[in-house]
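Below: the structure, in structure tokens.
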Amino acid sequence: MKNIYSNIIKLNNNLLKRIILDLKNNELVGIPTETVYGLAGKAYSGKAVKKIFEMKKRPQKNPLIVHYYKLQDAEKDVFFNKNFFKLYKKLCPGPITFILRKRNNSKIHNKVTANLNTVGIRFPKNQIIRKILKKIDFPLAMPSANKAGKVSPTEPNHVYFEFGKKIKIIDGGKTKIGLESTVVDLTKKTRILRPGIISKEKIQRILKKKIFSPKKFEKILSPGNLKKHYSPGIPLVLNAKRAASKSAFIVIGKIDIKSKDIFNLSKASNLEEAAKNLYKTLINIKKKKYKKIYVMKIPKKGIGIAINDRLKRAATK
Ligand code: TXA
Ligand code: MG
């Protein structure tokens with residue numbers, strides 16, 4: 001990828017040292033993961049965490065995910081349980097976040113968890129974030145590197161569009177998955193709080209039990225589930241058969257019509273490819289100054305469930 005911006009940088013050994021120093025000194029860094037790019041800061045530092053909330057303009061009540069290199073590192077901060085071990089063994093490192101009870105003597109700053117007594121923890125798989133996590137002796141609080149309510153970045157220049165030169169951005173190219181991690185609450189009744197590439201069915205198979213994924217929450221357990229989210233900032237019409245003229249039309253599968261207004265998520269109707277292209281497409285359409293987006297029906301199976309979840313929120317006025 002061509003780096004036109006001087007603060008988008010490829011990680012080498014010298015830079016790795018510099019990044020580690022920056023993080024130790026409570027600076028924030030844009031870092032790729034296998035899902036989306038994150039805005040990383042020291043999870044034990046009130047100063048770093050405050051910067052994350054400010055830079056993202058994130059509501060204080062929306063907690064951040066804490067990222068670790070390995071199991072032992074997280075043990076100081078949360079209580080593990082049987083379900084966690086089963087899922088960790090099969091799925092980590094990988095695109096899944098576990099909500100667990102926080103230990104009283106954990107050093108995770110209260111702002112990270114929005115004063116909840118639970119923490120979302122994740123062990124990302126991407127080699128760049130793992131290289132960094134391996135070298136530091138604190139975990140990283142890392143929300144997606146976008147302003148609150150907006151679309152998550154899947155390329156380094158998307159992070160640049162959000163934060164400009166305010167932070168260093170590590171270039172890891174396009175992210176592999178393109179949608180945020182599955183969030184699963186393991187504190188009480190096991191339940192999915194945010195769908196992702198790791199499906200409910202997969203989790204059920206590993207845990208050998210049915211799990212719950214409520215459509216509506218009695219209380220907001222995962223504030224990222226606030227209805228309006230992932231917004232491209234222009235109206236979006238879902239399950240459309242066609243688009244009005246001069247509007248953008250997001251489609252999937254083979255389409256006969258040729259038009260510059262058609263944006264195909266996957267000509268092969270491959271849902272994983274569609275997930276990978278979704279945010280990039282929304283960002284691209286916004287940049288082209290379209291006033292309205294129509295989206296064809298996307299099958300609600302596999303990662304299609306997560307795609308539909310994000311689209312529904314993006315369409316909420
Ligand atoms: O794939 C990902 O998870 C990316 C990459 C960068 O790791 N991160 C990410 O973070 O998506 P963020 O902040 O954009 O989304 C975190 C989600 C939110 O929906 C938040 O409410 C939920 O996780 N969350 C975090 N801690 C929680 C907690 N203690 N209880 C319930 N939900 C929690
Ligand atoms: Mg986010």
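The values are calculated or read from the model by the stated rules, or taken from the named source; none is laboratory data. Everything numeric in this text was worked out from a predicted model, so none of it was measured. Backbone-built Cβ (ideal geometry, glycine too); neighbour counts: all protein chains shown. Calculation scope for accessible area: heavy atoms of the full protein, side chains included, ligands and nucleic acids excluded. Shrake-Rupley method; radii C 1.70, N 1.55, O 1.52, S 1.80 Å.
See the values below:
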quantity: Sequence ranges 194-203, 94-103, 17-26, ranked by mean other-Cβ count within 10 angstrom, highest first; calculated: 94-103, 194-203, 17-26
quantity: Cα coordinate range in the range 1-90, projected on the principal axes (Å, largest first); calculated: 47, 30, 23
quantity: With all protein chains modelled, accessible area of SER45 [1.4 Å, Å²]; calculated: 10
quantity: Under-5 Å amide H pairs with THR316, H placed in peptide plane, nonlocal only; calculated: HIS229
quantity: Accessible surface of the chain [probe 1.4 Å, protein heavy atoms]: carbon and sulfur percent; calculated: 51
quantity: Calculated FRET value between ILE255 and LYS291, using beta carbons and R₀ = 22 Å, to 0.05; calculated: 0.50
quantity: Gain upon complete extension [LYS301, ASN284; 0.36 nm per residue less C-alpha separation]; calculated: 3.6 nm
quantity: Extension gain, LYS147 back to LYS267 (0.36 nm per residue minus Cα-Cα distance, nm); calculated: 40.2 nm
quantity: Candidate aspartates and glutamates - alpha carbon under 14 Å from LYS292, same-chain residues fewer than 8 apart omitted; calculated: ASP261
quantity: Too-long pairs where the Cα-Cα distance tops 31 Å, listed order kept, from LYS258/LYS287; LYS50/LYS188; LYS150/LYS297; LYS102/LYS147; LYS174/LYS209; calculated: LYS174/LYS209
quantity: The chain, dipole about Cα centre (Lys/Arg Cβ +1, Asp/Glu Cβ -1), debye to the nearest 20; calculated: 700
quantity: Pairwise label distance in nanometres, LEU71 with GLU201, each label 7 Å out on the Cα-Cβ vector; calculated: 2.8
quantity: Overall Cα dimensions of the chain - principal axes, largest extent first, Å; calculated: 59, 50, 31
quantity: Mean projected area in nm² (Cα convex hull; one quarter of hull surface) for the range 69-202; calculated: 8.6
quantity: In sequence order, calculated HN-Hα J values of the range 50-65 (Karplus, 6.51, -1.76, 1.60; Hz; x Gly/Pro); calculated: 4, 4, 4, 4, 5, 5, 7, 6, 8, x, 4, 7, 9, x, 9, 8
quantity: Contour minus Cα-Cα distance for LEU16 and SER245 (0.36 nm per residue); calculated: 77.6 nm
quantity: Zone residues, the range 141-176, relative to LYS24, backbone N less than 19 Å from point 7 Å out along Cα-to-Cβ; calculated: 141, 168
quantity: Distant-in-sequence amide H partners of VAL237 (H built 1.01 Å from N, under 5 Å); calculated: ILE293, TYR294, VAL295
quantity: Under 5 Å, built H, 5+ apart or other chain: amide partners of ILE9; calculated: ILE169, ILE170, ASP171
quantity: For LYS147, net neighbour charge (Lys/Arg +1, Asp/Glu -1) across residues whose Cβ lies under 9 Å away; calculated: +3
quantity: Solvent-accessible heavy-atom area per residue, rounded to whole Å², over the chain at 1.4 Å; calculated: 50
